[in-house]
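Below: the structure, in structure tokens.
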Amino acid sequence: MTSGSSAINQQAIAAEFPFLSEREGKPLAYLDSAATAQKPTVVVDALSDHLLLHNANVHRGVYPLAAESDALFEGARERIAARFGRLPQETVFTKNATEAINLVAKSWGPANVEAGDLIVTTVMEHHANIVPWQMLRDSSGCELGWVEVDSDGQLDMASLDALLERKPKLVAVTHVSNVLGTINPIVEIAERVHAAGALLLVDGCQAVAQLDVREAVAVADFYVFTGHKVYGPTGIGVLLARRELLAAMPPFLGGGDMILTVNRERAVWNELPYKFEAGTPPFAEATALAAAFDWVDSVGLDAIREHEHALVSETLAAFEQLPWIKVFGPQDADSRGALVTFEVDGVHPHDVAEILGREGVCVRAGHHCAGPLMESLGIGASTRASFAVHNSSEDVERLVAALHEVQRIFAD
Ligand SMILES: Cc1ncc(COP(=O)(O)O)c(C=O)c1O
């Protein structure tokens with residue numbers, strides 16, 4: 001198997017992903033990791049070990065099995081917190097990134113935002129980083145401002161600056177666009193946002209599996225991501241935030257585990273981070289997520305980035321030769337994460353994806369949960385190929401060959 005870069009031992013990686021070898025017939029080119037990543041066996045093993053060997057509810061039992069489950073869960077939190085340079089108290093487990101953003105919008109929001117205030121988001125956001133702010137706008141009477149995207153798929157910093165002059169309360173921005181692939185300059189954005197006295201929330205969903213995001217986490221007031229896009233399990237997301245901010249925020253959901261005491265009159269909130277983790281938390285998933293990060297780090301983020309960068313470059317170079325393909329977003333691989341969104345002239349993206357699927361190439365077609373961006377691009381839908389560490393140059397070749405098949409079918 002050829003690889004996009006020599007830094008990756010493709011055979012060792014392939015051994016971690018059984019779906020690559022266990023398909024009958026055509027090999028599968030899974031180019032949909034931006035939607036959800038495939039799971040290496042070490043992650044599935046960690047999940048099943050917790051469930052088969054150490055399963056007991058956390059923070060409740062006093063018997064040894066419960067202590068094992070607790071230790072695994074809190075150990076996972078400590079590893080994840082340390083990896084991102086935050087404290088365990090600053091590392092809140094949620095259901096996914098969507099819930100993490102809703103937590104901020106519905107807890108920090110009403111306590112800090114009132115009619116006439118401004119919240120800023122960007123045109124390139126996923127709906128998860130738009131709708132919670134629209135809901136806050138509707139409940140509080142605040143205004144929602146939009147940072148525009150320029151013709152190269154970059155954030156228009158002049159439109160950010162213009163909005164910052166109006167002293168917004170919070171700016172919510174994605175680290176890497178799930179459609180354009182654009183890697184946003186979070187450190188630069190944080191400087192401007194903080195100089196204007198606003199807080200910064202960063203959606204790291206598309207960044208964490210391929211970039212060292214520690215600097216961005218350090219400068220962001222809130223940094224969120226979802227487990228299933230970083231080779232981890234579904235059912236878990238993470239909110240990383242400064243302790244003082246979390247301490248001042250009211251709970252998001254009420255129930256077990258988020259309280260110290262409850263009587264008929266009232267409840268006393270638990271300490272951080274448990275105040276924000278109502279009900280049974282995703283404890284086995286947390287163990288598996290920590291295993292996913294251990295695995296990513298054992299492969300090496302630099303090597304992963306280099307490998308995926310090479311695959312994106314190969315894809316962009318191949319597409320440049322095909323005048324019937326239009327690529328959205330930055331035209332060079334350096335400014336993008338591991339994805340390429342495009343349209344095939346005259347063919348609906350769903351038809352493209354359907355034919356590619358028949359050829360064993362898995363891509364995403366649709367609006368990519370980015371309605372405002374689709375509107376500003378003047379399209380209803382597009383097709384997205386996204387890469388992970390298990391992909392190879394052969395997958396790019398399969399993609400290009402399958403696109404020729406699309407072209408052949410629609411030319412008839
Ligand atoms: C940039 C971005 N933000 C947020 C999300 C939402 O993730 P989840 O559905 O796991 O909450 C996604 C998922 O596609 C995404 O790509």
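Only the coordinates and a few stated rules stand behind these numbers; no lab work does. Treat the numbers as computed from the prediction; the structure is a model and nothing was measured. Virtual Cβ from ideal backbone geometry, glycine too; neighbours counted across all protein chains shown.
Overview of results
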quantity: Using a Förster distance of 22 Å, the FRET efficiency for Leu301-Val44 (Cβ separation, nearest 0.05); calculated: 0.55
quantity: Sorted peptide list for 226-237, 350-361, criterion being average Cβ within 10 angstrom, highest first; calculated: 226-237, 350-361
quantity: Burial ranking of peptide ranges 161-172, 198-209 (average Cβ count within 10 Å, highest at the top); calculated: 198-209, 161-172
quantity: Gyration tensor verdict on region 59-113 (Cα atoms; rounded if a/c is under 1.5, prolate if a/b is larger than b/c, oblate otherwise); calculated: prolate
quantity: For the chain, the spread of Cα positions along each principal axis, largest first, Å; calculated: 73, 55, 33
quantity: Label-point separation in nm, Glu78 to Asp152, each point 7 Å along Cα→Cβ; calculated: 4.6
quantity: In order through region 183-200: 3J(HN,Hα) via Karplus (6.51 cos²θ - 1.76 cosθ + 1.60), integer Hz, x for Gly, Pro; calculated: 8, 7, x, 5, 5, 5, 4, 4, 4, 5, 5, 6, 4, 8, x, 9, 8, 10
quantity: Once the Cα gyration tensor of region 50-185 is diagonalised, semi-axes √(5λ) in Å; calculated: 37, 19, 12
quantity: Pairwise FRET efficiency - Val62 versus His127, Cβ, R0 = 35 Å, nearest 0.05; calculated: 0.20
quantity: Cα-based reach from Lys167 at 28 Å (exclusive), listing lysines while leaving out same-chain residues under 8 positions away; calculated: Lys106
quantity: Proximal aspartates and glutamates to Lys275, defined as alpha-carbon separation beneath 12 angstrom and excluding residues fewer than eight positions away on the same chain; calculated: Glu90, Asp257
quantity: Prolate/oblate/rounded call for region 161-236, Cα gyration tensor, a/c under 1.5 rounded; calculated: prolate
quantity: Per-residue [θ]222 nm for the chain (sum of -39500 (n - 2.57) over DSSP H runs n ≥ 4, rounded to 500); calculated: -12000 deg cm²/dmol
quantity: Net lengthening on full extension, Glu165/Glu271 (0.36 nm per residue, minus Cα-Cα); calculated: 34.5 nm
quantity: Spin-label model distance (nm) - Ala115 vs Thr261, 7 Å beyond Cα toward Cβ; calculated: 4.0
